[in-house]
Structure formats: C-alpha cells, structure tokens
Amino acid sequence: MDAELTDRDLCRVRLRFLDLLKSFFQDEPDADRLSRWRGIFAALGGERINQRLDTAIQEFGKTLAARSLQEIKDEYHALFVDPYSKQLLPLNAAYYIDGKSFGPSLARFREILKQGQLVKESTFTEPEDSLAIMLDALITLIHEEKKGTMETRHIQDQLLQQFLIPTTKQINERISKNAEAEFYHKCIDFLDAYLELEQGLFESEAETIH
C-alpha cells in the first residue's frame, strides 16, 4: 500500500509540473495565466529538487517577475505566430529530428499515440508532434498510470526518449542564440531541466529492474 501511495504521489507531482509547462506553449498567455504562473513560482522558489532544475526555476522566476503581460505576448507572437518573423521558432519534433515539418518521425509519433489510444483534441490545430501536444500526451498517459494502468510506462518512455527530450534540447540550443527571446528561452530551459528529471526517473526504474 505504501509503495502504491508513493507512486500516486509521484504521478501527482509530475502532473503538476507538466500541466504548468504545457501552459507556456498551448496558446497566447493572458492576465489570469500570468497571475497563476507568478503564484506558482513564488511557491516553487523555496523548493529544492536538484541543482539543474532549481537554477532553471530561479532564473525563470526572475524573468517572469520582470516581464509585463504585453512583453510576453509580443515575444510569443514573434516566436510562434507571425509567419514573417525572423525569430519564428518551430516547436514540432519532426522539424528537429527529420529536418522538415512532416517527416517520418511524425508517423512514428502517431504510432505512439495509437499505442496509447490517444487522439489529438480538436482544439489543437498544430501537428501531433508539436511541443504542447506531446506534453499533453504525456500528461494523459500519466493520468492512466495514476488509475493503475502501468502499461503506459513503456509508451511514456518512448515519448520522452525519442521525441520530447531530443526536441526540447534542440529547441533550447536554437533559442539560446536569440537575445530577444529571454522569457521563452527561460521557459524552454525550465522544460529541458524538468525532462532531465523525468529521464532520471525512468533510468532509475530500469536499473532497479535489472
């Protein structure tokens, strides 16, 4: 029973982080979301998880406190909306894995969705392998695990190792060269640091099994 409670608690913590991270990329931020972010980071500032993630949280918290809603909206528009922007930043996995937006990796990702019996919500207009949808897929799989469907662990691992982690690292490398994208650079760096923690969870689990 104790192990089961521990697993459920871990799922709950993962879901809180991933819901937060998805909210940075799902659509343009508004005043309510900005207020929520500030409240969460005020609480997170006192937590100690690991050096990499703690630093990313602290750096993002400082940037979040210093930015107005309009400044964040302007950056979001330049990076993710305006097709003529020189700062435009693709967020779909195939762009980074295959070098084109609709490459073979998109078909592989769709197969993972099929394995997990996941269907893209109609509210998402981006390709299935876009960052927000990949995070949403991981969230859904963790919800299934929380309900006792442990078969999703293998699918979660595939999603992380083959798509989310490599894509995020390449996005982070690309956005780090854009001096005008400080807010979303800190977002991506926070995501990158968190996914390293996710990777560690699966690696520890694999070592325990062997």
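The values are calculated or read from the model by the stated rules, or taken from the named source; none is laboratory data. Remember, predicted model here, so these are calculated numbers, not experimental data. Neighbour counts are summed over all protein chains in view; Cβ atoms, including those assigned to glycine, are modelled from backbone coordinates with ideal geometry. Side chains included, ligands, DNA and RNA excluded: accessible areas come from the protein's heavy atoms. Shrake-Rupley method; radii C 1.70, N 1.55, O 1.52, S 1.80 Å.
Please report the spacing between the Cα centers of region 32-85 and region 157-183 in Å, no decimals.
Comparing the Cα centres of region 32-85 and region 157-183, I get a distance of 16 Å.
In terms of modelled amide H atoms, which long-range or inter-chain residues lie less than 5 Å from the amide H of S130?
Answer set, sorted by chain and number: A93.
Which residues does the label zone of H77 cover in region 155-184, counting backbone N under 19 Å from a point 7 Å along Cα→Cβ?
So the set is 180-184.
Tell me the mean residue ellipticity at 222 nm calculated for the chain from its helices only (DSSP H runs of n ≥ 4, each -39500 (n - 2.57), averaged over every residue, nearest 500).
Per the formula, -21500 deg cm²/dmol.
Taking Cα pairs under 8 Å and at least six residues apart, what relative contact order does region 85-165 come out at, in percent?
28
S85 to C11: extension gain in nm, 0.36 nm per residue of separation minus the Cα-Cα distance?
That works out to 22.8 nm of additional length.
I want to check the label-to-label distance for T125 and R33. Put each point 7 Å from Cα in the C-beta direction and report it in nm to one decimal.
1.4
Please identify the DSSP H helices in the chain that span no less than 18 Å along the helix axis (Cα) and have a mean Kyte-Doolittle hydropathy of -0.5 or more.
2-23, 31-44, 51-66, 131-146, 182-209
For the chain, with every protein chain kept in place, what is the accessible area per residue (1.4 Å probe, Å²)?
That works out to 53 Å² for each residue.
At a 10 angstrom cut-off on C-beta neighbours, averaged per residue, how do the peptides 54-66, 79-91 rank from highest to lowest?
54-66, 79-91
Would you work out the charge dipole size for region 1-73 about its Cα centre, treating the Cβ of every Lys and Arg as +1 and the Cβ of every Asp and Glu as -1, and quote it to the nearest 20 debye?
200
Of all the accessible heavy-atom surface of the chain, with the other protein chains kept in place and a 1.4 Å probe, what percent is carbon and sulfur?
Taking all protein chains in place, the chain shows 50 percent carbon and sulfur surface.
I'd like the Kirkwood hydrodynamic radius of the chain, using the inverse of the mean 1/r over distinct C-alpha pairs, in Å.
Taking the inverse mean of 1/r over all distinct Cα pairs, the chain comes out at 17.9 Å.
Pairs of alpha-carbon atoms within less than 8 angstrom and 6+ residues apart define the contacts here; what relative contact order does the chain have, in percent?
This gives 25 percent for the chain.
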